[in-house]
Number of protein chains: 2
Amino acid sequence: MSEALECSLSRPASLAQVPRWDHEADIVVVGFGAAGACAALEAARSGARVLLIETAAGSGGTSALSGGEIYLGGGGGTPIQRAAGFNDDTEDLYRYLVMAGGPNADTAKARLYADNSLKHFEWLTAQGIEYKNSYIAERCIEPATDDCLIWSGSEEAWPFAAQARPAPRGHCPKFVGMGGGRYVMDVLARRVLEAGVEVHYNTRAMALVTDGRAVHGLVARSEGTSRYLRARRAVLLCAGGFVMNRAMVKQHVPLLLRSQFPLGTVDDGSGILLGASAGGAPINMGEGFATIPWYPPGSLVKGIFVNGNGQRFINEDCYHGRVSNYILRQTGERIWLLEDHATFALGDMQALAKMEIGAAAETWEEVERELQLPQGALTETVSFYNRNAAHGVDPLFHKAAKWLKPLDEPPFVALDCRIDHCFYASFTLGGLDTLPGGEVLDAERNVVAGLFAAGRTACGLPRWGEGYSSGMSLADASFFGREAGRRAAQTQR
Amino acid sequence: MSEALECSLSRPASLAQVPRWDHEADIVVVGFGAAGACAALEAARSGARVLLIETAAGSGGTSALSGGEIYLGGGGGTPIQRAAGFNDDTEDLYRYLVMAGGPNADTAKARLYADNSLKHFEWLTAQGIEYKNSYIAERCIEPATDDCLIWSGSEEAWPFAAQARPAPRGHCPKFVGMGGGRYVMDVLARRVLEAGVEVHYNTRAMALVTDGRAVHGLVARSEGTSRYLRARRAVLLCAGGFVMNRAMVKQHVPLLLRSQFPLGTVDDGSGILLGASAGGAPINMGEGFATIPWYPPGSLVKGIFVNGNGQRFINEDCYHGRVSNYILRQTGERIWLLEDHATFALGDMQALAKMEIGAAAETWEEVERELQLPQGALTETVSFYNRNAAHGVDPLFHKAAKWLKPLDEPPFVALDCRIDHCFYASFTLGGLDTLPGGEVLDAERNVVAGLFAAGRTACGLPRWGEGYSSGMSLADASFFGREAGRRAAQTQR
């Protein structure tokens with residue numbers, strides 16, 4: 001800081017030393033992505049005066065980089081799920097969310113979200129986000145069309161399908177082309193401005209202001225000077241994760257350093273650090289997500305992944321991110337996707353991530369030699385797979401029967417899926433521990449007075465690389481952003 | 001707190017509100033394990049007045065639960081290494097430490113330790129810790145005798161041996177039987193008392209005292225009342241890790257919940273939480289260590305581990321903890337160690353962890369059936385291994401030739417190594433970010449004034465489950481405890 005006050009992201013400014021308040025509001029929201037927008041909106045509609053600051057020159061944050069899909073369902077199904085023939089059950093949604101959350105799942109958040117997901121869909125449409133009443137049955141990452149409902153997770157795959165009745169839950173907005181997240185954020189941003197939220201762009205949060213007991217505001221930086229922003233009720237941190245802060249990634253989840261495509265805008269960890277500076281507890285900081293979007297076409301799912309030892313390691317019909325999380329854990333760097341003429345050549349290669357051909361030959365023996373694998377390492381894996389696939393079973397990894405077919409039609413191909421050579425997008429999954437209402441908790445799970453967090457700054461529903469499904473981040477950010485906004489507005493000092 | 005002051009492990013007490021100082025010292029050390037003992041000792045010898053508080057009724061902490069081995073070498077070798085024929089090189093030690101530290105290795109600490117490891121050995125013996133001049137070439141966890149030098153890591157195994165010339169570096173004290181850690185701690189504790197350190201047992205650190213800029217002391221709890229301890233120069237946190245705090249384990253490294261044998265005494269995370277409350281940055285909190293001590297006898301190393309899909313996954317000649325870290329990452333719960341008559345029956349089963357026999361038969365086909373594995377899943381793995389072992393190679397996992405032998409002498413056995421059914425000891429590897437001198441750093445790597453940490457409370461040399469080697473924790477705790485003690489004593493306010 002150029003001015004006198006000694007403070008930083010890691011050290012709050014002392015209330016007693018704040019020289020003046022440049023701006024005052026009931027609620028100060030940090031970050032204008034989906035969480036911040038929804039939080040600001042609900043807080044303003046609850047009657048609070050809201051100031052929203054954003055580091056960038058415009059709204060959107062990392063939410064605007066996404067496909068805009070939101071994970072929704074339960075309660076008999078959204079209108080779009082029902083029209084497609086899926087009467088999705090709340091308990092199935094709940095069980096899936098808990099499984100997807102992994103060993104540290106937040107069951108309270110999963111419960112609240114499952115019970116209110118349908119109402120949240122209504123709220124989203126009421127804001128003006130349009131959804132076409134359509135369903136895509138084929139495997140895709142996000143539609144290139146304006147269609148809506150897709151399978152965006154591992155719902156139909158082992159072990160999820162065995163414990164939660166599957167339904168497609170990825171709801172993509174009515175927006176032609178990739179990148180519907182920009183559209184979603186534009187709609188939300190208009191509502192935020194209409195609701196009377198004061199927005200300061202090009203304004204960066206530098207430090208919280210506390211009196212040692214509660215958060216009272218923050219120090220921001222704008223046009224080269226420090227601004228002191230008073231939050232009469234609460235500060236709401238919605239400033240994204242830390243995937244763009246490579247030093248933090250190294251400290252907490254070094255595995256993600258292997259991905260050269262961190263998915264973020266600001267995401268410098270400042271939200272999490274600010275929260276920690278006031279006593280908030282970052283949790284789950286070692287978890288991350290990385291994915292190679294290796295399908296469509298869906299026929300590729302009939303291929304098999306093998307590691308550098310020629311071993312299979314996953315049922316290939318699960319979500320691309322789950323496959324990728326397993327890829328990340330394999331010993332060594334070499335990873336191939338094996339396909340035959342029927343599964344590869346018939347489908348156009350439309351993958352976002354174009355994989356190079358590592359080997360192609362008329363026999364698997366030749367492929368094995370081309371890949372310089374020891375004799376038998378690959379061919380025995382393939383013949384074991386083919387033998388069982390011919391009987392419609394995958395006894396080791398439980399890929400569903402509809403994806404099973406012996407890979408026996410030459411030519412054969414091994415697609416090179418090395419992390420260092422392909423597009424693996426990544427982001428972090430750790431953040432501040434919060435109650436479902438967004439209240440930030442310290443390590444002993446006591447509430448830090450005057451401080452809320454939502455979106456990737458908090459540790460929400462998406463918190464396990466193996467279980468992540470597309471649409472969960474926006475679902476979490478928008479829903480728990482709203483919760484936090486409402487709660488913060490009700491805060492009494 | 002029963003008294004007025006509002007504070008906790010997560011929220012420091014404000015200096016202005018401290019009602020009185022019950023005790024004053026230059027340095028207040030929290031925790032009487034190896035790190036705390038060495039820190040207190042060096043601080044006292046540097047002329048500082050030192051107060052050491054310990055939650056338990058006596059000295060030792062988790063260090064006293066260990067085998068007492070310390071990872072030492074380099075510089076041509078310790079006298080014991082040299083007598084055994086190993087002129088260990090400093091650069092080999094350095095490279096091994098960096099590899100062992102994994103993707104987030106602290107190269108500055110590795111450098112300092114490698115350069116000074118021999119001197120540290122001299123210091124340890126000067127304190128009165130005795131070492132017998134002897135070497136055990138066979139695989140062991142810790143000697144049941146009073147012998148000294150053992151292979152305590154993966155030095156001879158792929159990929160370590162290829163990058164750092166191997167040497168045995170585990171130095172066990174001259175103490176008959178398991179549990180030399182108690183002996184080491186008794187020696188150190190005597191020196192601590194002789195040095196005039198004031199020790200308060202049954203005294204628990206409850207909160208730090210800060211003025212928002214620096215740490216000035218702490219609030220402790222003893223005999224039911226709060227005690228205010230002033231640290232004129234610094235507080236030194238040496239209070240262990242958090243493996244006994246199962247809520248924290250769930251939040252940060254849930255994988256370790258599978259181990260039912262957390263290795264700790266207090267280790268409730270309080271040291272890390274206290275440091276974080278003053279702005280210190282916990283890092284690497286997602287890393288942990290778990291191990292099944294599955295050898296001796298060394299002949300078992302000639303067997304192979306397979307997962308629930310009948311696949312091998314590791315060169316079995318590396319350190320038991322590295323094997324176990326890979327076990328933890330396998331899909332599913334079933335894990336077996338396969339042995340034949342020559343490798344199993346000839347050696348007495350002396351493993352600390354007695355594994356039950358999951359299957360035993362005259363052919364591998366029968367073993368496969370008994371384990372209810374799909375036809376070929378196990379037998380093809382074994383025949384691939386045997387075929388190559390007969391030629392003295394392990395093309396996939398690179399087990400060294402001396403451990404390779406076809407498993408072809410019936411009867412055959414599959415030892416059940418499931419985590420839930422065996423002794424897997426575990427501890428955490430995350431802690432406060434520190435400089436090599438022990439200064440606690442905030443998330444922006446600025447020093448938190450008046451605060452030091454060492455041992456498991458800090459994130460030191462041992463910070464990667466895949467690379468951990470026995471003796472690294474005591475090496476780190478004792479060496480960097482000393483560093484922190486000296487630095488803290490020099491602190492000027």
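Write out, first by first residue and then by second, each pair whose Cβ atoms fall under 8 Å of each other, whose residues are 6+ apart or on separate chains, and whose first residue, in region A:247-261, is within 7 Å of chain B (Cβ to nearest Cβ) while the second is open to solvent by 70 Å² or more (accessible area, probe 1.4 Å) and at pLDDT 90 or above. Correct list of pairs: A:Leu257/A:Arg246; A:Leu257/A:Lys250.
Among the conditions (1) open to solvent by 10 Å² or more (accessible area, probe 1.4 Å); (2) part of a strand (DSSP E or B); (3) among the hydrophobic types (A, V, I, L, M, F, W, C), A:Ala290 misses just one, which is (1). Of the residues making up region B:376-393, those that are surrounded by 19 or more Cβ atoms within 10 Å (Cβ to Cβ), within 11 Å of another protein chain (Cβ to nearest Cβ), assigned to a helix (DSSP H, G or I) and in contact with a helix residue (DSSP H, G or I) (Cβ under 8 Å, 6 or more places away or on another chain) number 2.
Is it the case that some residue within region A:330-340 is at pLDDT below 95 and buried (at least 24 other Cβ atoms within 10 Å of the Cβ)? Checked against the condition, which is being at pLDDT below 95 and buried (at least 24 other Cβ atoms within 10 Å of the Cβ), region A:330-340 yields no hits at all. If the condition is being more than 18 Å from A:Ala489 (Cα to Cα), within 14 Å of another protein chain (Cβ to nearest Cβ) and either surrounded by 24 or more Cβ atoms within 10 Å (Cβ to Cβ) or small (Gly, Ala, Ser) (or both), then region A:427-441 contributes A:Thr428, A:Leu429, A:Gly430, A:Gly431, A:Leu432. Scanning region A:10-51 for residues that are closer than 22 Å to A:Gly279 by Cα and surrounded by fewer than 24 Cβ atoms within 10 Å (Cβ to Cβ) yields A:Ser10, A:Arg11, A:Ser14, A:Leu15, A:Ala16, A:Gln17, A:Val18, A:Asp26.
Would you confirm whether any residue within region B:448-463 is more than 21 Å from B:Leu274 (Cα to Cα), assigned to a strand (DSSP E or B) and open to solvent by less than 10 Å² (accessible area, probe 1.4 Å)? No: zero hits.
With respect to A:Thr125, is the statement that it is open to solvent by 10 Å² or more (accessible area, probe 1.4 Å), among the hydroxyl-bearing types (Ser, Thr, Tyr) and part of a loop (DSSP other than H, G, I, E, B) true? No: the conditions fail for A:Thr125.
Okay, residues lined up against (1) open to solvent by less than 20 Å² (accessible area, probe 1.4 Å); (2) part of a loop (DSSP other than H, G, I, E, B):
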{"residue": "A:His120", "(1), (2)": "yes, no"}
{"residue": "A:Ala137", "(1), (2)": "no, yes"}
{"residue": "A:Ala144", "(1), (2)": "no, yes"}
{"residue": "A:Asp147", "(1), (2)": "no, yes"}
{"residue": "A:Ser154", "(1), (2)": "yes, yes"}
{"residue": "A:Ala157", "(1), (2)": "yes, yes"}
{"residue": "A:Tyr183", "(1), (2)": "no, no"}
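Selection of region A:73-84 for residues being in contact (Cβ under 8 Å) with a residue 24 or more places away in the chain and surrounded by fewer than 20 Cβ atoms within 10 Å (Cβ to Cβ) yields A:Gly75, A:Gly76, A:Pro79, A:Ala83, A:Ala84. Contact annotation: residue pairs with Cβ atoms under 8 Å, 6 or more positions apart or on different chains, pairing a residue in region A:323-343 that is within 12 Å of chain B (Cβ to nearest Cβ) with a partner that is basic (Lys, Arg) and open to solvent by 20 Å² or more (accessible area, probe 1.4 Å), are A:Leu328/A:Arg258; A:Arg329/B:Arg329; A:Arg334/A:Arg418. The number of residues in region A:159-181 that are under 17 Å from A:Asp317 (Cα atoms) and either assigned to a helix (DSSP H, G or I) or hydrophobic (A, V, I, L, M, F, W, C) (or both) comes to 6. Is it the case that A:Arg213 is buried (at least 17 other Cβ atoms within 10 Å of the Cβ) and more than 24 Å from A:Ser469 (Cβ to Cβ)? For A:Arg213, the condition - buried (at least 17 other Cβ atoms within 10 Å of the Cβ) and more than 24 Å from A:Ser469 (Cβ to Cβ) - is not met. Checked against the criterion of being open to solvent by less than 10 Å² (accessible area, probe 1.4 Å) and over 30 Å from A:Glu6 (Cα atoms), region B:220-236 contains one or more residues that satisfy it.
Here A:Met178 meets each of (1) open to solvent by 60 Å² or more (accessible area, probe 1.4 Å); (2) within 26 Å of A:Ala489 (Cβ to Cβ); (3) out of contact with any helix residue (DSSP H, G or I) (no Cβ under 7 Å at 6 or more places or on another chain) with one exception, condition (2). Looking across region A:268-282 at every residue that is open to solvent by less than 20 Å² (accessible area, probe 1.4 Å) and farther than 19 Å from B:Arg445 by Cβ, the one that is farthest from the other protein chains (Cβ to nearest Cβ) is identified as A:Gly280.
Counting residues in region A:286-294 that are within 30 Å of A:Ala342 (Cα to Cα), touching a strand residue (DSSP E or B) at 6+ places or on another chain (Cβ under 8 Å) and of a type in the set (S, T, N, Q) gives one or more. Within region B:52-72, the residues that satisfy the criterion of being under 13 Å from the mean Cα position of the chain (by Cα), hydroxyl-bearing (Ser, Thr, Tyr) and open to solvent by 10 Å² or more (accessible area, probe 1.4 Å) are B:Thr62, B:Ser63, B:Ser66.
Do you know which of the residues in region B:240-265 that are aliphatic (A, V, I, L, M) and within 14 Å of the chain's Cα centre (by Cα) is most open to solvent (accessible area, probe 1.4 Å)? Once the filter is applied, the top-ranked residue is B:Leu263.
Among the residues of region B:308-338, the one identified as over 22 Å from B:Ala137 (Cα atoms), within 21 Å of the chain's Cα centre (by Cα) and basic (Lys, Arg) is B:Arg329. All of (1) part of a loop (DSSP other than H, G, I, E, B); (2) away from chain A (no Cβ under 11 Å) hold for B:Met285 with one exception: (2).
Confirm whether B:Gly47 is more than 21 Å from the chain's Cα centre (by Cα), within 23 Å of B:Thr125 (Cβ to Cβ) and either in a loop (DSSP other than H, G, I, E, B) or of a type outside the set (A, V, I, L, M, F, W, C) (or both). Judged against the criteria, B:Gly47 is not a match. Examine region B:99-115 for a residue that is within 27 Å of B:Phe160 (Cα to Cα), in contact with a Pro (Cβ under 7 Å, 6 or more places away or on another chain) and in a loop (DSSP other than H, G, I, E, B), and state whether such a residue exists. No, region B:99-115 has no match at all. Summed over region B:464-486, the residues that are open to solvent by 10 Å² or more (accessible area, probe 1.4 Å) and either free of Cβ contacts under 8 Å to residues at least 60 places away in the same chain or within 14 Å of chain A (Cβ to nearest Cβ) (or both) give a count of 2.
Of the residues A:Arg190, A:Arg165, the single one that is surrounded by fewer than 20 Cβ atoms within 10 Å (Cβ to Cβ) and within 14 Å of A:Gln127 (Cα to Cα) is A:Arg190. Quick check: is even one residue across region B:409-422 assigned to a strand (DSSP E or B) and either surrounded by fewer than 18 Cβ atoms within 10 Å (Cβ to Cβ) or among the charged types (D, E, K, R) (or both)? The answer is yes; a qualifying residue exists.
The values are calculated or read from the model by the stated rules, or taken from the named source; none is laboratory data. For clarity, every value in this text was computed on a predicted model and none was experimentally measured. Cβ atoms come from the backbone with ideal geometry, glycine included; neighbour counts cover every protein chain shown. Note: areas computed on protein heavy atoms with side chains; ligands, DNA, RNA excluded. Shrake-Rupley method; radii C 1.70, N 1.55, O 1.52, S 1.80 Å.
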